[in-house]
Amino acid sequence: MDMNKTDVIVVGSGPSGVSAAITLARAGKKVVLTERGDDSGDKNMFGGEIYTNQTLDIFPNFIEDAPIERSVTEQAFILLKDKDSLKFAYNNGENSIPNSYTVNRSKWDRWCVEEAKKAGVFYAPKTLVKEIILENGRAVGVKTELENYYSDIVIIADGVNSILLEKLGLRKEIKDSDVTVNVKEVYKLSEEKINDRFNIDEKSGFGAKILGGPLKNLFSIGFLFTNRETISLGVGISLDDLKKIKMKPYELLEKLKEHPAISCYIKDAKLIEYSAHMIPEGGYNSVPQLYSDGIMVAGDAAMLVNNVHFEGTNFAMLSGKLAAETAIEALNSSDFSKKKLSLYEKKLKDSIILKDLKLHKDSVSFVKKHINTITEIYSEIICDIFKTVTYSSSQPKSKVYRNLLFKILKSNVIFKSIPIFLFAIRKCLKK
Ligand SMILES: Cc1cc2nc3c(=O)[nH]c(=O)nc-3n(C[C@H](O)[C@H](O)[C@H](O)COP(=O)(O)OP(=O)(O)OC[C@H]3O[C@@H](n4cnc5c(N)ncnc54)[C@H](O)[C@@H]3O)c2cc1C
């Protein structure tokens with residue numbers, strides 16, 4: 001047998017690649033998982049939380065064995081005004097299984113790869129795939145900096161900035177409107193201080209999405225997560241808006257950090273890490289061709305992110321698994337044609353991935369159109385309503401109510417909200 005020939009080569013050891021590789025190895029297939037970084041996770045960053053459902057599906061032992069930071073037991077939305085703010089928080093109760101866990105990507109990705117190796121995956125770090133080798137239009141392997149490796153199928157899972165797909169002509173250059181630029185800072189603080197500050201204990205954790213304040217009128221959202229002894233704080237903004245406001249992403253994050261509702265969380269904490277990364281935001285309309293002869297594309301490379309619900313790693317894991325299941329069927333029938341691999345698209349269509357992306361195919365453009373109402377007026381009006389009901393003033397309540405009513409009517413928020421509610425109702429009723 002040719003030493004350089006295997007059943008499947010997976011390019012990229014992020015959540016999509018490692019899930020594809022481990023699924024193949026568990027089915028007894030020979031699989032090589034390539035990673036350009038010195039080790040898995042070295043090049044990766046995210047918010048971030050991994051979701052329990054899809055993660056359990058691939059790694060049934062992860063809650064006991066993986067290097068988890070915290071379970072996310074409290075999920076909040078923080079609405080900012082200029083100085084004041086409002087926090088809504090959902091707490092999932094002590095006894096239910098948390099929906100998500102925070103992890104550090106370098107530790108997490110490395111643990112996943114170790115699990116994949118135990119299942120029989122051959123892992124090749126420091127291996128940058130430069131090109132897909134085609135023979136008569138069919139992928140037969142990959143060209144790396146050192147040598148060529150051959151396989152019956154190649155699964156491309158190289159992330160949002162997939163140069164390989166562009167080279168193959170399977171994806172056009174990414175449009176500014178199809179991605180957000182994200183910057184994240186990590187702050188070190190003792191476990192006790194984090195627990196005190198967020199009112200949590202060692203078994204629980206806090207996650208938040210941040211709207212308004214310096215982000216108002218922008219397609220931009222902040223995020224904050226507690227890890228065991230660190231806090232992750234970041235902001236994402238569409239490339240379109242970034243160009244409009246002529247600011248650097250970290251300048252926007254600096255402004256966010258100045259807000260008293262945010263600065264209180266990182267007070268006296270030590271900045272230990274800074275990173276930046278893109279997220280695909282184009283949704284359904286930006287999904288490229290997902291398969292070709294001998295090729296399948298998974299995860300961010302295929303733009304499979306549900307930006308409305310902040311779901312990326314779960315779609316990456318599930319799409320990697322579905323690509324692997326298709327590859328297993330193709331290997332069993334020795335048919336690696338485009339027609340056979342079209343089964344992958346069918347599996348994606350039958351799964352939550354393409355169902356959810358299709359449901360939200362017009363959501364980003366809709367949100368962008370109504371961004372002023374959503375980030376400015378809602379943050380301000382909702383803050384004002386809560387302030388009114390909680391504030392003890394020297395004025396009679398009838399006057400306070402009247403002033404609030406006039407403010408609401410003047411902002412036109414009721415009229416401006418009609419299309420937003422109708423849009424939401426349409427989404428709820430869609431089959
Ligand atoms: C700031 C931020 C916050 C986020 N927060 C969340 C969150 O809280 N929850 C969530 O579910 N999702 C979140 N996401 C999205 C999530 O991180 C991605 O959807 C997910 O990582 C995609 O996984 P992937 O395996 O497809 O790609 P990646 O994780 O990008 O992995 C791709 C891998 O391929 C390797 N690679 C690239 N090119 C090559 C090559 N030519 N040869 C070999 N290897 C290569 C890379 O080094 C990398 O290891 C966030 C993203 C960002 C940027």
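With everything on Cα atoms, drop me the angle between helix 413-429 and the longest principal axis of the chain, reported from 0 to 90° to the nearest 10. Long axis of 413-429 versus the principal axis of the chain: about 30 degrees.
Protection proxy ranking of 42-48, 361-367, by the mean of other Cβ atoms within 10 Å over each peptide's residues and highest first, is 42-48, 361-367.
Scanning residues 5 or more positions from Gly159 or on other chains, those with amide H under 5 Å from its amide H are Asp300, Ala301, with H placed 1.01 Å from N in the peptide plane.
Annotation for Asn4 and Asn99: the two label points, set 7 Å from Cα along the Cα-Cβ direction, are 4.8 nm apart. Couplings 3J(HN,Hα) for the stretch 132-148, derived from phi with the Karplus relation 6.51 cos²θ - 1.76 cosθ + 1.60 (θ = phi - 60°), are 8, 7, 10, 10, 6, x, 10, 5, 10, x, 9, 9, 10, 5, 9, 8, 9 Hz, where x marks Gly and Pro. One chain, two ends: Glu229 and Asp268. Fully extended at 0.36 nm per residue, the span grows by 12.7 nm beyond their Cα-Cα distance. For a Förster distance of 35 Å, can you work out the FRET efficiency between the beta-carbons of Ile385 and Lys430, rounded to the nearest 0.05? It comes out at approximately 0.70. Anything over 28 Å Cα to Cα? Flag those among Lys188/Lys246; Lys184/Lys338; Lys29/Lys430; Lys172/Lys346; Lys83/Lys246; Lys248/Lys358, in the order listed. Where the Cα-Cα span goes over 28 Å, the pairs concerned are Lys188/Lys246; Lys184/Lys338; Lys29/Lys430; Lys248/Lys358.
Under 5 Å from the amide H of Lys30 lie the amide H atoms of Asp7, Val8, each residue being 5 or more positions distant or on a separate chain, with H modelled from the backbone and absent for Pro and chain starts.
The calculated FRET efficiency for Tyr401 paired with Asn92, based on their beta-carbon distance and R0 = 41 Å, is about 0.75. Between 0 and 90 degrees, the angle of helix 397-411 with respect to the longest Cα principal axis of the chain falls at about 50 degrees.
Helical content alone sets the calculated 222 nm signal of the chain at -11500 deg cm²/dmol, taking -39,500 (n - 2.57) per DSSP H segment of four or more residues and averaging over every residue. For Glu131, the amide hydrogen comes within under 5 Å of the amide hydrogens of Lys143, counting only partners 5 or more places away or on other chains and with H modelled in the peptide plane. Per-residue 3J(HN,Hα) values for the stretch 253-264, derived from phi via the Karplus relation 6.51 cos²θ - 1.76 cosθ + 1.60 with θ = phi - 60°, read 5, 4, 5, 4, 5, 6, 5, x, 6, 9, 4, 4 Hz in sequence order (x marks Gly and Pro).
Tell me, in nm to one decimal, what length is gained between Lys339 and Asp65 on full extension, where the rule is 0.36 nm per residue of separation less the Cα-Cα distance? Stretched fully, the Lys339-Asp65 segment lengthens by 94.7 nm. Label point of Glu114 set 7 angstrom out along Cα-Cβ; within the stretch 57-75, amide nitrogens under 17 Å from it belong to 59-70.
Couplings for the stretch 195-211, taken from phi via the Karplus curve 6.51 cos²θ - 1.76 cosθ + 1.60 with θ = phi - 60°, read 4, 5, 5, 9, 6, 10, 10, 5, 8, 10, x, 10, x, 9, 10, 10, 10 Hz in order; Gly and Pro are left as x. In terms of surrounding Cβ atoms within a 10 Å radius of their Cβ, Glu345, Glu192, Glu131 rank from fewest to most as Glu192, Glu131, Glu345.
All of the numbers you see were taken from the coordinates with simple rules; none came from a lab. Worth saying up front: this structure is predicted, and the values here are computed from it rather than measured. Glycine gets a Cβ as well: all are built from the backbone with ideal geometry, and neighbour counts include every protein chain shown.
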